[in-house]
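The block underneath contains the structure these notes are about, expressed in structure tokens.
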Amino acid sequence: MGRYEGKKVVITGGSSGLGLATARSLVDEGARVLITGRDQDKLSAARDQLGENAIAVRSDGASLPQIDALADRVKAEFGTVDALFANAGVTGSAPFEATSEELYDQLLTTNAKGPYFTVQKLAPLLAEGSGVVLTTSAVNVLGLPMLSAYAASKAALRSMTRSLARELLPRKIRVNAVSPGPIDTRIMDESRPRQSAEETKALVAQIPMLRLGNPSEVTKAALFLAFDATYTTGTELAVDGGGTQL
């Protein structure tokens with residue numbers, strides 16, 4: 001019997017990167033997982049990888065009607081949920097002076113508004129003792145150039161982690177955040193399309209552990225918060241090679 005046998009988990013943004021890595025770990029250990037994403041081709045590919053214990057639902061985390069529809073689908077498929085990994089997000093960079101309203105709205109809507117209402121709409125389905133994990137970022141505590149709007153969206157999510165943790169305490173639901181630093185995933189590659197080998201080397205040199213993180217390392221932290229950290233709520237666990245701590 002797998003470690004998560006019989007558990008029912010929802011992962012938004014589960015068709016690639018950290019979400020898919022987490023879904024794979026859960027399915028391998030016996031859980032049933034519902035993943036979401038916006039790209040049907042990527043969703044279908046992820047579903048094929050994960051097998052029959054996975055359900056793939058096309059859903060845009062920035063759309064409240066689609067979040068409502070997702071809650072209905074989760075209720076129909078699972079009834080109740082043991083863990084929610086609100087991981088869907090987008091990245092984007094621009095100098096402060098050149099940041100457009102369009103980019104700002106896209107980042108804040110998808111990265112902050114979306115997870116907030118995802119938790120709100122799915123909260124009635126969360127079982128007593130369940131865990132919610134939000135994905136923040138190391139940039140929410142670092143003043144990095146080019147990322148002011150993105151960092152603000154993740155800082156908002158960090159604040160929500162505390163507020164939602166307090167409000168869901170009466171139902172014995174824990175809310176925590178996992179905060180990745182530079183992780184070797186597709187989304188990081190997309191956010192740095194012109195990054196050269198020398199730039200990557202310079203980035204790695206700034207990380208105390210002198211390497212990029214692996215998606216599986218974030219997965220382990222997220223699953224710990226979702227299931228094992230039973231006396232922990234409102235916290236943010238940094239998985240960043242020491243970058244925000246040392």
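The values are calculated or read from the model by the stated rules, or taken from the named source; none is laboratory data. In this text the structure is predicted, and so the values were computed from the model without any measurement. Every residue, glycine as well, gets a Cβ built from its backbone with ideal geometry; the counts of neighbours run over all protein chains shown. Calculation scope for accessible area: heavy atoms of the full protein, side chains included, ligands and nucleic acids excluded. Shrake-Rupley method; radii C 1.70, N 1.55, O 1.52, S 1.80 Å.
Each Lys and Arg Cβ is given +1 and each Asp and Glu Cβ -1; about its Cα centre, the range 61-160 then shows a dipole of about 180 debye.
The peptide list 45-53, 218-226, put in order of mean Cβ contacts within 10 Å with the highest first, becomes 218-226, 45-53. Estimated at the nearest 10 Å², the accessible area of Asp228 is 70 Å² with a 1.4 Å probe. Net length available on complete extension from Gln49 to Ser93 is 12.7 nm, with 0.36 nm assigned per residue and the Cα-Cα distance removed.
Here the average projected area of the convex hull drawn through the C-alpha atoms of the range 1-140 stands at 8.9 nm². 5 Å is the cut-off here: which amide hydrogens, built 1.01 Å from N in the peptide plane, fall below it relative to Val175, excluding neighbours closer than 5 in sequence? For Val175, the qualifying residues are Val132, Gly234. If you take all other residues with their beta carbon under 11 Å from the beta carbon of Val141, and give Lys and Arg +1 and Asp and Glu -1, the sum is 0. If you average the sequence gap of Cα pairs under 8 Å that are 6 or more apart and divide by the length of the range 100-246, what percent do you get for the contact order? Dividing the mean separation by the residue count of the range 100-246 yields 30 percent.
Our summary gives the chain a relative contact order of 19 percent, counting only alpha carbon pairs under 8 angstrom and 6 or more residues apart.
A helix-only calculation puts the chain at -12500 deg cm²/dmol for mean residue ellipticity at 222 nm, using -39500 (n - 2.57) for each DSSP H run of at least four residues, averaged over all residues.
The lysines whose alpha-carbon is closer than 18 Å to the alpha-carbon of Lys75, local same-chain residues fewer than 8 away aside, are Lys7, Lys8, Lys121. A straight Cα-to-Cα reach below 12 Å connects Lys220 with the aspartates and glutamates Asp228, residues fewer than 8 places away in its own chain not being considered. Computed over the alpha carbons of the range 202-246, Rg followed by Dmax gives 12.4, 38 Å. Working ranking of peptides 198-206, 231-239 by packing, defined as the average number of other Cβ atoms within 10 Å per residue, highest first, is 231-239, 198-206.
Along the Cα-to-C-beta direction of Lys75, a point sits 7 Å from the Cα; which residues of the range 16-33 have their amide N less than 17 Å from that point? Label zone hits: none. Accessible area per residue for the range 108-226 is 48 Å², calculated with a 1.4 Å probe on protein heavy atoms, without ligands, DNA or RNA.
Just tell me, in residue order, which DSSP H segments of the chain are both 24 angstrom or longer along the helix axis (alpha-carbon based) and at least 1.6 in mean Kyte-Doolittle hydropathy. For the chain, where a helix must reach 24 Å along its axis and average at least 1.6, there are no hits. Here's how it looks for Ile55: its modeled amide H is under 5 Å from those of Val33, Leu34, Ile35, which are all 5 or more places away or on a different chain. Using only Cα positions of the range 98-172, each an equal point scatterer, no hydration layer, compute I(q)/I(0) via Debye at q = 0.11, 0.25, 0.28 Å⁻¹ and quote the log10 values to two decimals. The calculated log intensity ratios at q = 0.11, 0.25, 0.28 Å⁻¹ are -0.32, -1.13, -1.30.
The Rg/Rh ratio of the chain, with both radii computed over alpha carbons and Rh defined as the Kirkwood radius, is 0.95. Structural descriptor for the range 19-122: relative contact order 25 percent, calculated from alpha carbon pairs under 8 angstrom and at least 6 residues apart.
Per-atom-type breakdown for the chain gives carbon and sulfur 51% of the accessible area (1.4 Å probe, protein chains only).
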